[in-house]
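Notes follow the structure.
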Amino acid sequence: MEQYNNYINSVWRQSRSQRTFNNISPANKNDIIGEFPESNIADLEEAVTASKFAYDKWKRMPAPKRGDILRKAGDIFAERKDELAKIMTREMGKPVFETKGDIQEAIDTCYYAATETRRLFGHNTPSEMPDKMNLSFRVPVGICGIITAWNFPIAVPSWKIIPALAAGNVVIFKPSEDSPLSANVFAEIMEQAGLPKGVFNVLHGATEIGEAIVNHPDINLIGFTGSTDTGKSIASKCGSLNKKVSLEMGGKNAQIVMDDANIELAIEGALWGAYGTTGQRCTATSRVLLHSSIYDKFIEIFKERVKKLKLGDGLNPKTDVGPVINQKAIDKILKYIEIGKSEGANLVFGGKRADNGYNRSDDNFDLNNGNFIQPTLFTGVTKEMRIFQEEIFGPVLSISKFDTLEEAIELSNSVNYGLSSSIYTNNVRNSWVAVRELEAGITYVNAPTIGAEAHMPFGGVKGTGNGHREGGWTVFDIFTEWKTVYIDYSDKLQRAQIDNYDE
């Protein structure tokens, strides 16, 4: 078994704890990718010390020079796209055509952030006093602790890490223990691009090191992507420490299909939105809301399409749907399927762990050795049901019926999440009413709920986040603070916030 290390101050080293964990492929439990360190507080102290030393020089480097390094990192990600996509597929399961998209997100983010280092604009305004200048500009926050999930092991970290570095911060990154190897390759690429020692560090492990990062007094900001429950806990701890925190959490996204929609297009969108990444996306389409006049027709066609989806190894180009990440995820998904059945929803297809009798992309591939669940479809789902309200994070789609656009919007909004939303319609008024009324950070018209572009804001409302937006220009609101400067060249005392207008 290959052994991997933490990355601290540009040195690969084992944990002081001497404890390790195994990284196991979700597609094949016999495929042990490697052994990784279970980090502890001593490892974190080393990383913090290195980060402090590196920060003083990195923050003073001209921002466009930092951008040059990030642009080179984008070039290296592009050169290694195929290699890294296969590594990611092996350790987290989704088909390689999806993991290539994951890498492309990192490439796009590197190039975009590199250009933004020449546009970290401040604001200059007139003073209320003569011979005085008012200006403001962005400054870095300091040491950023980045904690992310396993489902997008390069794209999501890049949305946080790259802008943080562009703004002049230094980073301590704790990847998910389910996708640690991708993080090591990320570190390799940043070093190859010329990032100075100590600016970027990787600590592997689970709860112990994650909590230590959140609680460390010298870590100024936490950027988190993961479950809503964990995010709320992190927010509470950061609040007590007066620490800046950015949260990207769960979703329960709905796709509305109106009676005037292109049905075939809507079906394709629902298939991709619900079962892409095996439903393991915060933006996954977990609910489809159908106009009553097309309800039966849509379901009849959709059910047959779901049956044809091929499960298997994501490295096989014929695979449509890969495994779920681990046994804990299987247990949760199967539990929700039983809940749906007990609540009276109609299980149209799936609902079981997939074995070798299921539709496979390769007859020689053993589904029994992996974490495979049949793509699952429920109809007749009402908004009171838990499968309508709660995030399942798996290949489970619920279909509900409505009669009016107002009813569809009310159904879409009647959950505790607000990340992504979608409407399929050929009516301009319908689309703009939905854009106005849907309670979500993202709304798609005639496209599924999944997907993002690096130069646009990404995030949600309600239980999905805490108000920040990653991506685009808005991400720098997370990773910078504002500094206001007053320059008085009048050569006399001028008293601001005093009534001077009668003088």
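The values are calculated or read from the model by the stated rules, or taken from the named source; none is laboratory data. Worth saying up front: this structure is predicted, and the values here are computed from it rather than measured. Positions of Cβ are backbone-derived with ideal geometry, glycine not excepted, and every protein chain shown enters the neighbour counts.
Structural remarks
- Evaluated against (1) farther than 28 Å from Leu311 by Cβ; (2) assigned to a helix (DSSP H, G or I), Lys86 falls short on exactly one condition, (1).
- Odd one out for Lys57 among (1) in a loop (DSSP other than H, G, I, E, B); (2) over 29 Å from Leu315 (Cα atoms): (1)
- Qualifying positions in the stretch 187-213 - surrounded by fewer than 24 Cβ atoms within 10 Å (Cβ to Cβ), at pLDDT 95 or above and within 20 Å of the chain's Cα centre (by Cα): Ala187, Gly210, Glu211
- Residue check: Gly380 meets all listed conditions (1) surrounded by fewer than 23 Cβ atoms within 10 Å (Cβ to Cβ); (2) more than 30 Å from Asp355 (Cβ to Cβ) but one, namely (2).
- Considered as a group, the residues in the stretch 461-478 that are in contact with a strand residue (DSSP E or B) (Cβ under 7 Å, 6 or more places away or on another chain), hydrophobic (A, V, I, L, M, F, W, C) and in contact (Cβ under 8 Å) with a residue 60 or more places away in the chain include one that is surrounded by the fewest Cβ atoms within 10 Å (Cβ to Cβ), and that residue is Phe476.
- The residues of the stretch 178-208 that are closer than 16 Å to Asn5 by Cβ, among the hydrophobic types (A, V, I, L, M, F, W, C) and in contact with a Phe, Trp or Tyr (Cβ under 9 Å, 6 or more places away or on another chain), listed by number, are Leu181, Ala183, Phe186, Ala187, Met190, Phe200, Val202, Leu203.
- Against the test of being among the small types (Gly, Ala, Ser) and crowded, with 24+ Cβ neighbours inside 10 Å, the options Gly67, Gly93 yield a single qualifying residue, Gly93.
Yes/no matrix, rows are residues, columns are (1) within 23 Å of the chain's Cα centre (by Cα); (2) in a strand (DSSP E or B); (3) surrounded by 24 or more Cβ atoms within 10 Å (Cβ to Cβ):
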{"residue": "Phe224", "(1), (2), (3)": "yes, yes, yes"}
{"residue": "Ser233", "(1), (2), (3)": "yes, no, no"}
{"residue": "Cys238", "(1), (2), (3)": "yes, no, no"}
{"residue": "Ser246", "(1), (2), (3)": "yes, yes, yes"}
{"residue": "Ala266", "(1), (2), (3)": "no, no, yes"}
{"residue": "Arg287", "(1), (2), (3)": "yes, yes, yes"}
{"residue": "Phe298", "(1), (2), (3)": "no, no, no"}
{"residue": "Lys303", "(1), (2), (3)": "no, no, no"}
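- Among the residues here, Gly467 qualifies as modelled with pLDDT under 95 and within 19 Å of Ala235 (Cβ to Cβ).
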